[in-house]
Structure formats: structure tokens, C-alpha cells
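Everything below concerns the one structure shown next.
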Amino acid sequence: MQPLLEMRGISKSFPGVKALDDVSLSVAEGEIHAIVGENGAGKSTLMKVLSGVYPAGRYEGEIHYDGALAEFRSIQDSEARGIIIIHQELALVPLLSIAENLFLGNEISRNGYIQWHETTRRTRELLARVGLSDPPNMLVEKLGVGKQQLVEIAKALAKDVRLLILDEPTAALSESDSDALLDLMLELKSRGMTQIIISHKLNEIRKVADSITVIRDGSTVSSLRAGRDEITEDRIVRDMVGRDMAQRYPPRTRRAGPVLLDVANWSVRHPDFPERMAIKDVSFNVREGEVVGIAGLMGAGRTELAMSVFGRSYGRDIQGEVRMRGAPVKLNTVSDAIAAGLAYVTEDRKSLGLILEDTIQRNITLANLHAVSSRGLLNEAREAQVAEGYRKSMNIRTPGVHQVVGNLSGGNQQKVVLSKWLFSGPEVLILDEPTRGIDVGAKFEIYGLINELSAQGKGVVIISSEMPELLGMCDRIYVMNEGAFMGELTAEDASQERIMSMIVTRSEKV
Amino acid sequence: MQQANAQAGTAQSMREYLVNHLREYGLLFALIAVMVFFQITTNGTLMRPVNITNLLLQNSYIVIMALGMLIVIVSGNIDLSVGSVMGFIGALAAVLIVSMGLPLMVAVVICLITGGLIGAAQGYWIAYWKIPSFIVTLAGMLVFRGLSLWLLQGQSVGPFPREFQVIATGFVADPFPAAWGQSLAVMFGERNVNILALLTGVVAAAVIVWMGINKRARNKTFGVVGEPFAFFVVRNIIVAAALVFITYKLSSFRGLPNVLLTMGILTIIYAFLTENTVIGRQIYAVGGNEKAAKLSGIKTERLTFLAFVNMGVLAAAAGLVFAARLNTATPKAGFALELDVIAAAFIGGASMSGGVGKIVGAVVGAFLMGVLNNGMSIMGIGIDYQQMIKGLVLLAAVIFDVYNKSKRV
């Protein structure tokens, strides 16, 4: 069959780096093609070449699309030919309605007047195609992330899409939202739409992909086809990282000491809607050397819980008690929390965790500048030593600690955030989605670090939407839904089914 | 062969370094280019000792405020009220000193405290109530403009006593025996040489070079890839030569102006504060990413508040210098001056979105604008063209920034 898209020998260099080196890719009409690779492997660059962000002439190689040589000069160019990319960071305008967003830049108008009736009708139609039934005039900000992702797809459908590219579409989604999205992809495929999915999640790729291209360090490593090649997660992981991954979760000797952090009867009201309880009477604890997970769907209140404990960074009318090693502590500000021995690694490292235009060194010392200064004067020599130490011990891949953090890949950025919090000398670390959007290799390193921390007697709390991760890493798992704890499972009792059923049955009861 | 490769490698890394730091070098070269240009077009008037002295006096209050403005902009804010605050403080000084006859020191202290309080009043709403600084200080600009008018009853008040004028127009006395200066003057073929001024320039140049070498050595021990050696040498020679040259010119006129000393000391203090202290680092963090800074335990509100208090004090200091220089307080003093100050910070490389910018950049930016003003005035270019050219320079500087950034990605 004639491929819809063929990219041949694509190379793209930036000053000092060769981002893509002779990458080839072939996508057949009507299939779902997966592109996998570690962060920084060159997937995003490849998609930018395809969509015309890097216009023809600024890269080497050829793109054949729909039977002809294509030279896209801009995104508009490629969109006009039906190539549409949905980026990982959603590009919806939160304060506009669904309908306005769907036809943004593509408005249904006559003589410059927007035809609202027609717009509404078409919106309903498109929403139905992606399985949504929300009213077209609803503001996008009122939708959850999962639904927003579907609206993005509807927006692409509104544009007469022939090749739909989804860049890590499920990175921010809960398990059930992810499933819905993958089902939608299969449904679109059954109607003949060609799709490319970029993802880290191998189980998802196995579920939807007809063919897979693995990219490593800017080159194509392998092209697999369902039915022809044996496709296993191990095989893909091996190709991605270039080595065997013995176990996805490194083993740890479990031993829990006395209780470190104890949060009791914690209740928080929503900051904007005080009548709403964001956290309802939650109690939990972490012991020395213990790794505790908090499972739940997106919006279950896990991040809100962590942030409200961490120096009242979320919510109002916070009630409850926090004890560290049995002694009550007041955590009114973030500095209080840090002083008490808490660290919170945020879920959103770009907007909450890092100062992107600052260097690695400056980011690492930010939460504990006192340790690299005396009487308010910075000791840059000491600071550089500290940063250099973490660069080595955390294996942050960078030429030096004076590199700007914004230029690092996701995994390395996450290591910088973790370094920052390790340097603050915590006893309990709360890690919110610690492996979101980072590649398999870096994930493994972070799991190793978590084990190391627990071996040192620190308490670790992991908030994660990836259940296998919680099951693989934690000693105990709390299950959260709608701002309340649904129950607690030990590692032995826990399974994905049990966690899901706890979430589902209880919320039905409520 | 290998050597050729290595050489190609250094050339490559030098080019790369230049591209990454084009902004800093560009600013320095722009200033030099503009000075050379006007030196030629004004037939040497620009660099005459009397004009260099004038240039420093004329721009002193802009430079003083640019220091505070840079910090405000780095913290992610803007202050539109500084021109009005400066004028208001000048008016206050006039009322206190001329009309009420208060002792100078008392009046100066009251003025500086008032400036701090004004900054605090504005900073309070900006920091703790999260009201955009653009709006708060726009309001402040109107309020203090009005207050100056009210305070002066629409009249100009002056003149100030001699001791007050000295703040802006005085010169530091030369402690060295006059005979030494005389003999040096004969040697250089000048009418007069102020040894203190010359010595200050030489010492300052030496200190800058020495600190540069020190920092380079330190960077090397930590494996920081620094400036290529050739650049380092050239840059230091230019800066040191410029310093010595300017102080030599000054020394052949009346010596070191008091304001130059004030400006110099303040610049050093603020450069040190922003680059070497915890509080300085934290301000950059607040401007770079306020949420991340807050979640790292930084008291973001307090820092924003302090940035405005500091701005108020510096605007007050500038107001005193301005009033002393004009020897009178007028209701129109400082009108539209905030724009020059903000322009200086942006020309100097500060970023509108916060977190980026250097004190030295802002000072150089202020002098770049100052030299443009001065040179064009000497050439007799009309105020109409002057405004247009200044505007275009500001635009060009920022476009250069943005273009530079986009090319690097």
C-alpha cells in the first residue's frame, strides 16, 4: 500500500548538536503509527520538521506526503494539507467556550460575521464524534484535562484532518481518561484516519499501534510492525535505551521504622469557592524508610492535599494536625515546612518547580541558599561544588552546571528538581508525579533514588496516576477520591483492580 | 593536523561564545560606537573635559533611578511613578529647606524616608494584594504629580543654599599637594591635573582587572567554561582604558564630581547586592518564576515589597540630586523621566517578563541614552528628531534581544 507519509533521511542540526541524524519514517494510510524514544531522542524535533516549524531547507532529507514531495514552510502550510499536531501542552483558550475554541482561527463566518447557529450545530456534531456531550457554550476551563484533550481532537476534526499527530496525549490523563482517549483513537482509525502517537507509555502503544518507530539519540533504531514483528514491552524498552532493563522497578529491602510524618484530620476548603471542601478529613502517616503511595484519578485532590500540608500553599480554612516524629508542628509557610524537614517535588516542574531561564546551579540551591551563604553573602565556590556534586550523583546529563535548565530534557529537569529538594535536607519527601513525561531510563534512575532515600531512613510519599508505578514502588497505598481517602492497601493486598474498585464503588455510594 | 583541528575548535567555541553573549558585548560596543560617532560629528566637543563632566551630571539621576528600576523589573514588575516621585521629593526638599529653613541633614533624611514610604505604599498593593504594578504605579504617577503641584502651589521654589547644591554640582577636593598636580599638568601639557580623580580612575581600572582575573581563575577551578581568553583581554583593556581616559579628562577639568562618586558607590553596592547576596538571588528567582520561588520557601511578597521600597528611596535620592542641580524645585520636574529610566533598564538587557537583567547593563544603558541626548543636542538636532531616534534605539535594542534569543533556540 502506498504510504501516506514518508520521511526519508531527515537530519537537523542546531549549533553544536545534531538533533536528528538520518531518520526515516513511513506511515501507511489508515494506520496508527507510534513513535517512541527517550526524552531528548529527537521525537519533537522530527514533528517540528514535519509540521513546518523548521521550514523546508532548514533540514536535510525529504518528506513525501500523499504521493508527492512536500516542502512545508509553516504550520499553516502543513495544516492546509491536513497534518495536525496536538501538543502535549494543550493549546486551548481557557476563558473561551468549547465552540469558540473548536473554530478558533477557522471561524464559520459570512462576510466576517460569525454564524453562531451553524457553529453550535457543528460543535455538537464534532463533540459527539469524540464522545462528549457537554454544551458548546461551556467554558473550556470548566472541563477536566481529559475532556480538554478530547476537545483538542474535536478541534483537529473540525479542520479536515488527514494525519493526526498526538504528542504524549495521555501524559496528563488518569487511567480511565487515557483509556477513553485510546478507544477514540481506535474508533477514528476504523473510520480510516491516519494517526501518529508519540508516547512513553508502552502498554498504550501496544494497545493501539499498528507500527512503531523507535528513535534513539536522533536516529531510527528500529521499525516494528504489528503482526510481522514480535512486539513486547521489553523489546521496545531495549531499543529505546539501548540496553536490557532487567526490572522496571528496582528491588528494595523493606523496613519501616517509627512514624516520621503524621497528618491527622486534615480538612481544606477550596480557595475560590469556600463552600466547597477540597480535602475532607484526611489522615495519613509515613514511617522512617517507608515509601507510601497516594493513588487516585486526576482531580482526586492529591496535589491539593500535598500542597496544603506543604506550608499552606493551597486552599483556605485549613484544619488538622501535623506531627513530625510525634511532635506537633505548625507549617504556616513554605519555609516552616522546609525547616520541619518536608520537601515537596511539584507535579508541574516547568511552571512550579524550576526557573527555566536560570542555570542548573542556581536552581539546585534555591530552596537552601543559607547552606551556600554566610551572613547573606553567597559563596559561589561552595555553590558550584554542591551543584557539581548533584550533577555527578544524580547523573544529570549536561556539559556543566552552568547550563540553562530550560534546555534540558524532561528527565534531566526532573533530576534538577529532585537535587534541589535533596539539598534542602528533608526527612520526608512528597513526590508528585515524579516520573511524568520522562523517559524510561530516567524513570529507572529516579526509582533507584527513591529506594536509596528510603534506605537512608527518609520517608517518601509518591503521588502518581500510573498505578503500576505505585504498585511497583510502594509499601502502602492510600486511595483517594473526591478529596477524601477511600482506604488503604498494603503492598501485598494492592492491585490495579482493587484500587480502581475502591475508587469506583465508594464514589457511587457518595 | 591535530593542531589545525584544535584551532578550528577554538574558533568555533569563540564564535559560539560570542553568539551567546552578543548582547553584553553589543551593548559595550554600541556605547563606544555612539561615542566615537559623536566625537567625530561634534568635532571633538563630546569628549571635552567640560562636556564629559556635564554628561555625568546630566545623567546622574537617571542612573540612580535605573539601579532601582532594574531590580523592580527583574522582580517582574514595573514602576511608572518614579519621575513623579522624583519631582515630588524635589518639591518636598524645597519646601523643607527653602520655605521652612530646616537643617540640611534633617531635610535630606526626611526626603529619603518619604521616598521609602511612597515605595512601601505602592509596593504594599502590588506585593500583598497582587494588583498589577503597572496600574498601581500609573496611579502613583498621577497622584505624586498632583501632590508636587499642590506642595509648590504651582510655583517654582528656590534657590537652595550653597551646601545643598554641592550634592549635584560639587567636586571632591584634591587632597594631594597642588604642586604635584601642577607638575603633572606640565608633563601632560594640560592646564591642571586633579590627582585624586586620575588616581581613582587608575585604581578602579586596576581593581576591575584584578577582580576579573580572580573570577576567571575561580571559574577555571570549578570547570566553568568562561569567556575565551582573547575576549577577556580585549574587554578588560577597553574597560580599563575607558575608565582611565574618562578620569583623565575629568582630572584636567575640575576633578571628580560628587555625584559621580555617589553613582559609582551605589552602582557597586547594587551590583554586589544583585549578584552576590541571597536576597539578590531570591529577587531574580521571584522574577524568573514566582510560583516556583514561593514553593522553594522564598518570601516572594516581602521581596516584591522591598524592591518597591528601595525604588522609592532611590527615586528620592534622585529627586534631591535633580533639585540641587537645577537649584530650584519646579512642579514639572521629572516629567516623563520614568520613560528614560525604564528605557535604560531595557536597553541594558532587562527582560519585560522578569528574572533577567544586570545592574551594569542598566547603567550602561542609561549612559547610552545620555550620550545620544548629549551628542544630538551638541549637533543641534531638534528635540523632535531626538525623541524619534531615542525611541528607535530602544526598539532596536529589544528587537535585537528577541532576535538573538529566537536564533539560539
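The values are calculated or read from the model by the stated rules, or taken from the named source; none is laboratory data. Because the structure is a prediction, the values reported are computed rather than measured. Neighbour counts are summed over all protein chains in view; Cβ atoms, including those assigned to glycine, are modelled from backbone coordinates with ideal geometry.
Quick rundown of the values:
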| quantity | calculated |
| --- | --- |
| Residue in the range B:354-366 that is closer than 19 Å to B:THR262 by Cα, away from chain A (no Cβ under 14 Å) and either of a type in the set (Phe, Trp, Tyr) or in contact with a strand residue (DSSP E or B) (Cβ under 7 Å, 6 or more places away or on another chain) (or both) present | no |
| Hits in the range A:405-437 (condition: within 23 Å of A:GLN385 (Cβ to Cβ) and out of contact with any helix residue (DSSP H, G or I) (no Cβ under 8 Å at 6 or more places or on another chain)) | A:ASN407 |
| Cβ-Cβ under 9 Å pairs, at least 6 apart or on other chains, the range A:43-56 side at positive phi, far side in a helix (DSSP H, G or I) | A:GLY52/A:ILE75; A:GLY52/A:GLN76; A:GLY52/A:ASP77; A:GLY52/A:SER78; A:GLY52/A:GLU79 |
| Lone unmet requirement of (1) within 27 Å of B:LEU196 (Cα to Cα); (2) touching a Gly at 6+ places or on another chain (Cβ under 9 Å) for B:LEU295 | (1) |
| Qualifying residue in the range A:405-423 (condition: more than 21 Å from B:GLY297 (Cα to Cα), part of a loop (DSSP other than H, G, I, E, B), more than 10 Å from every other protein chain (Cβ to nearest Cβ) and not charged (D, E, K, R)) | yes |
| Selection count where residues are within 24 Å of A:ASN203 (Cα to Cα) and of a type in the set (Gly, Ala, Ser), scope the range A:456-490 | 3 |
| From the options B:ASP401, B:ASP384, residue that is touching a residue at least 60 places away in the same chain (Cβ under 8 Å) and either more than 14 Å from chain A (Cβ to nearest Cβ) or assigned to a helix (DSSP H, G or I) (or both) | B:ASP401 |
| Residues satisfying the stated conditions in the range B:19-47, i.e. in contact (Cβ under 8 Å) with a residue 24 or more places away in the chain and aliphatic (A, V, I, L, M) | B:VAL19, B:LEU22, B:LEU27, B:LEU28, B:ALA30, B:LEU31, B:ILE32, B:VAL34, B:MET35, B:LEU46, B:MET47 |
| Matching residues in the range A:6-17 - criterion: being surrounded by fewer than 20 Cβ atoms within 10 Å (Cβ to Cβ) and either without any contact (Cβ under 8 Å) to a residue 24 or more places away in the chain or within 14 Å of chain B (Cβ to nearest Cβ) (or both) | A:SER13, A:PHE14, A:PRO15, A:GLY16, A:VAL17 |
| Selection within the range A:18-40 - part of a loop (DSSP other than H, G, I, E, B) and either surrounded by fewer than 24 Cβ atoms within 10 Å (Cβ to Cβ) or not small (Gly, Ala, Ser) (or both) | A:GLU29, A:GLY30, A:GLU31, A:GLU38, A:ASN39, A:GLY40 |
| Members of the range A:363-394 found to be within 8 Å of chain B (Cβ to nearest Cβ), free of Cβ contacts under 8 Å to residues at least 12 places away in the same chain and not in a loop (DSSP other than H, G, I, E, B), listed by number | A:LEU369, A:HIS370, A:SER373, A:LEU377, A:LEU378, A:GLU380, A:ALA381, A:GLN385 |
| Near pairs, Cβ below 7 angstrom, 6+ apart or cross-chain, from the range A:211-235 (on the phi > 0 side of the Ramachandran plot) to any residue that is loosely packed, with under 15 Cβ neighbours inside 10 Å | A:GLY218/A:LYS18 |
| The listed residue being in contact with a helix residue (DSSP H, G or I) (Cβ under 8 Å, 6 or more places away or on another chain) and farther than 30 Å from B:MET100 by Cα, out of B:ILE208, B:ILE237, B:ILE213, B:ILE167 | B:ILE208 |
| Condition broken by A:VAL322, with the remaining ones in (1) away from every other protein chain (no Cβ under 14 Å); (2) of a type in the set (A, V, I, L, M); (3) farther than 26 Å from A:ALA491 by Cα satisfied | (3) |
| Pick from the range B:240-272, criterion within 14 Å of chain A (Cβ to nearest Cβ) and without any contact (Cβ under 8 Å) to a residue 24 or more places away in the chain, ranking: nearest to the chain's Cα centre (by Cα) | B:ILE269 |
| Verdict on A:ASP358 being at pLDDT 90 or above, at the interface with chain B (Cβ under 10 Å from one of its Cβ atoms) and closer than 19 Å to B:GLU301 by Cβ | no |
| Lone unmet requirement of (1) surrounded by 21 or more Cβ atoms within 10 Å (Cβ to Cβ); (2) touching a helix residue (DSSP H, G or I) at 6+ places or on another chain (Cβ under 6 Å); (3) within 14 Å of another protein chain (Cβ to nearest Cβ); (4) within 30 Å of B:PHE400 (Cβ to Cβ) for B:THR300 | (4) |
| Whichever residue in the range A:430-455 is closer than 14 Å to A:GLU290 by Cβ and within 14 Å of chain B (Cβ to nearest Cβ) and, among such residues, is nearest to the chain's Cα centre (by Cα) | A:LEU431 |
| Wholly within the range B:220-328, helices (runs of 4 or more DSSP H) carrying at least 1 residues that are aliphatic (A, V, I, L, M), touching a strand residue (DSSP E or B) at 6+ places or on another chain (Cβ under 9 Å) and closer than 30 Å to A:GLU347 by Cα | B:278-288, B:290-295 |
| Residues (within 20 Å of the chain's Cα centre (by Cα) and small (Gly, Ala, Ser)) located in the range A:395-425 | A:GLY406, A:SER409, A:GLY410, A:GLY411, A:SER419 |
| Residue match in the range B:76-88 (condition: within 14 Å of another protein chain (Cβ to nearest Cβ), at pLDDT 90 or above and not in a helix (DSSP H, G or I)) | yes |
| Residue tally, condition surrounded by 14 or more Cβ atoms within 10 Å (Cβ to Cβ), over 27 Å from the mean Cα position of the chain (by Cα) and not in a loop (DSSP other than H, G, I, E, B), over the range B:148-187 | 7 |
| Filtered residues of the range A:391-432 (kept if of a type in the set (Phe, Trp, Tyr) and surrounded by fewer than 23 Cβ atoms within 10 Å (Cβ to Cβ)) | A:PHE423 |
| Test: residue in the range B:333-344 that is aromatic (Phe, Trp, Tyr) and within 30 Å of B:GLY154 (Cα to Cα) | yes |
| Residue check, A:THR346 more than 26 Å from the chain's Cα centre (by Cα), β-branched (Val, Ile, Thr) and at the interface with chain B (Cβ under 10 Å from one of its Cβ atoms) | no |
| Selection count, the range A:183-208, where residues are of a type outside the set (S, T, N, Q), touching a strand residue (DSSP E or B) at 6+ places or on another chain (Cβ under 9 Å) and not in a loop (DSSP other than H, G, I, E, B) | 12 |
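Here is a yes/no grid of residues against (1) under 30 Å from B:GLY355 (Cβ atoms); (2) buried (at least 22 other Cβ atoms within 10 Å of the Cβ):
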position: B:ALA242; (1), (2): yes, no
position: B:SER251; (1), (2): no, yes
position: B:THR267; (1), (2): yes, no
position: B:LEU273; (1), (2): yes, no
position: B:TYR284; (1), (2): yes, yes
position: B:ALA292; (1), (2): yes, yes
